[in-house]
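Scroll down for the structure; my scribbles are underneath it.
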Amino acid sequence: MPIRHATLHQLKIFDTLAAEMSMARTAETLHLTPPAVSIQVKQLSEAVGQPLVEQLGKQLYLTDAGKSVAAACRDLFNRIEILEQELAALDKLEKGHIRVATITTAKYFIPRRLGEFSASHPGAEPTLFVGNRKAVLERLSQNKDDLYVLGEIPDKIKVEAIPFACNRLIAVAYAGHPLAGKKSIPPAALKAEHFILREEGSGIRLATENFFRTHKCKLNVRMELASNEAIKQSVIAGLGVSILSETTVEGSLAAGELVQLDIKGLPIDRQWNIVHPQNKILSPMAEAFKAYLVSTGIHGGSGL
Ligand code: PGA
């Protein structure tokens with residue numbers, strides 16, 4: 001019988017026997033009867049294929065094979081003890097990874113939420129991936145992270161998603177733009193403007209293209225940029241107008257560097273979602289961060 005047929009129960013009995021060197025004391029310690037101990041030791045010897053103990057007179061001795069098995073049992077039960085401590089720490093949120101992948105636009109608030117959460121959970125080990133929608137969806141399909149922050153719920157991957165904050169897209173221009181301050185501008189008026197668009201694979205680009213397709217309006221795209229920040233600076237510099245997430249331009253709107261254009265049909269009100277694959281088993285720490293994000297939203301106030 002190969003040793004893999006030995007049971008943890010048998011190894012535990014042998015570990016105790018090696019410490020006590022007496023069938024009777026081993027039985028007492030483990031609340032078993034001496035015959036039960038000796039049957040289990042016999043079966044373990046059969047699994048190992050060699051005798052593990054020898055009885056000379058009243059004295060019990062370990063054979064060489066017995067000494068090797070006893071040393072292995074010590075290693076094994078030490079490791080199990082460490083494992084028990086690790087599991088308890090995970091359960092009590094004393095320790096644990098939070099792997100978050102977020103689309104670029106959410107980088108304006110997710111690091112802050114992660115920072116606050118980590119401050120109140122010193123054992124949290126956060127990692128953050130930032131990429132556009134396409135890159136984040138790729139990671140989601142490969143189950144690389146615990147949680148994903150997305151503007152739109154994917155339709156091709158089975159997920160659980162909880163909306164946790166409003167994700168508003170608005171049209172912006174530089175403060176002195178001729179359309180600034182005008183009311184109910186028809187979307188078609190943007191045909192005459194240089195437009196600055198996010199890159200292929202971006203969620204904002206998708207929403208922007210859908211909006212103009214619905215309004216049968218072809219955009220005059222001057223530049224494609226893979227960064228909200230670069231688009232914002234380009235709009236401030238008067239290179240064109242754009243549609244961006246309100247969270248990325250709040251500071252510039254307040255500072256008067258940018259204005260929101262009153263385009264009919266805008267803003268587009270979507271939601272930020274915290275997403276993970278359906279049936280994914282989240283660690284207690286990742287679960288706690290998810291709950292924290294849902295309860296605090298973007299601004300640390302109410303979620304929606
Ligand atoms: P993006 O996604 O950063 O990939 O454009 C943002 C969004 O969908 O709102």
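Evaluating Val130 against the criteria (1) more than 30 Å from His9 (Cβ to Cβ); (2) in a helix (DSSP H, G or I) leaves one unmet condition, (2).
All conditions in (1) over 26 Å from Val235 (Cα atoms); (2) out of contact with any helix residue (DSSP H, G or I) (no Cβ under 7 Å at 6 or more places or on another chain); (3) open to solvent by less than 60 Å² (accessible area, probe 1.4 Å) hold for Ala189, with the sole exception of (1). For Gly240, the test of being on the phi > 0 side of the Ramachandran plot and touching a residue at least 60 places away in the same chain (Cβ under 8 Å) is failed. If you go through segment 92-102 one residue at a time, do you hit one that is in a helix (DSSP H, G or I) and of a type outside the set (Phe, Trp, Tyr)? No, that holds for no residue.
Among residues of segment 262-293 being among the polar types (S, T, N, Q) and open to solvent by 50 Å² or more (accessible area, probe 1.4 Å), the one that is farthest from the ligand (Cβ to nearest atom) is Asn279. When the residues of segment 134-158 are filtered to those that are among the aliphatic types (A, V, I, L, M) and away from the ligand (no atom under 15 Å from the Cβ), which remaining residue is surrounded by the most Cβ atoms within 10 Å (Cβ to Cβ)? Among those that are among the aliphatic types (A, V, I, L, M) and away from the ligand (no atom under 15 Å from the Cβ), it is Leu147. For Ser252, are the conditions met, namely being touching a His at 6+ places or on another chain (Cβ under 7 Å) and open to solvent by less than 40 Å² (accessible area, probe 1.4 Å)? Spelling it out, it is not the case that Ser252 is touching a His at 6+ places or on another chain (Cβ under 7 Å) and open to solvent by less than 40 Å² (accessible area, probe 1.4 Å). The set of residues from segment 100-135 being more than 17 Å from Ile298 (Cα to Cα) and among the acidic types (Asp, Glu) comprises just one member, Glu125.
Just the residues that are part of a helix (DSSP H, G or I) and closer than 21 Å to Leu56 by Cβ, please, taken from segment 22-36.
Result: Met23, Ala24, Arg25, Thr26, Ala27, Pro34, Pro35.
Please work out if Asn220 is under 27 Å from Tyr148 (Cβ atoms) and in contact with a helix residue (DSSP H, G or I) (Cβ under 7 Å, 6 or more places away or on another chain). The answer is no for Asn220. Taking the criterion of being touching an Asp or Glu at 6+ places or on another chain (Cβ under 9 Å), within 11 Å of the ligand (Cβ to nearest atom) and touching a residue at least 24 places away in the same chain (Cβ under 8 Å), the residues of segment 197-224 that qualify are Leu197, Arg198, Glu199, Glu200, Gly203, Leu206, Ala207. Regarding segment 159-169, can at least one residue be identified that is open to solvent by 70 Å² or more (accessible area, probe 1.4 Å) and within 20 Å of the chain's Cα centre (by Cα)? Yes: one or more hits. Report whether or not Gly96 is in contact with a Leu (Cβ under 6 Å, 6 or more places away or on another chain) and farther than 30 Å from Arg198 by Cβ. Against the criterion (in contact with a Leu (Cβ under 6 Å, 6 or more places away or on another chain) and farther than 30 Å from Arg198 by Cβ), Gly96 qualifies.
Residue check: is Tyr174 at pLDDT 95 or above and open to solvent by 50 Å² or more (accessible area, probe 1.4 Å)? Taking the combined requirement at face value, the residue satisfies it.
For segment 119-133, the tally of residues that are surrounded by 16 or more Cβ atoms within 10 Å (Cβ to Cβ) and more than 16 Å from the ligand (Cβ to nearest atom) stands at 3.
Among the residues of segment 43-70, those that are assigned to a helix (DSSP H, G or I) and either in contact with a strand residue (DSSP E or B) (Cβ under 7 Å, 6 or more places away or on another chain) or under 12 Å from Leu11 (Cβ atoms) (or both) comprise Gln43, Leu44, Ala47, Val48, Gly66, Val69, Ala70.
The values are calculated or read from the model by the stated rules, or taken from the named source; none is laboratory data. As the structure is a computational prediction, the values presented were derived from the model and not from experiment. Positions of Cβ are backbone-derived with ideal geometry, glycine not excepted, and every protein chain shown enters the neighbour counts. Heads up: the accessible areas ignore ligands, DNA and RNA and are worked out on the full protein's heavy atoms, side chains in. Shrake-Rupley method; radii C 1.70, N 1.55, O 1.52, S 1.80 Å.
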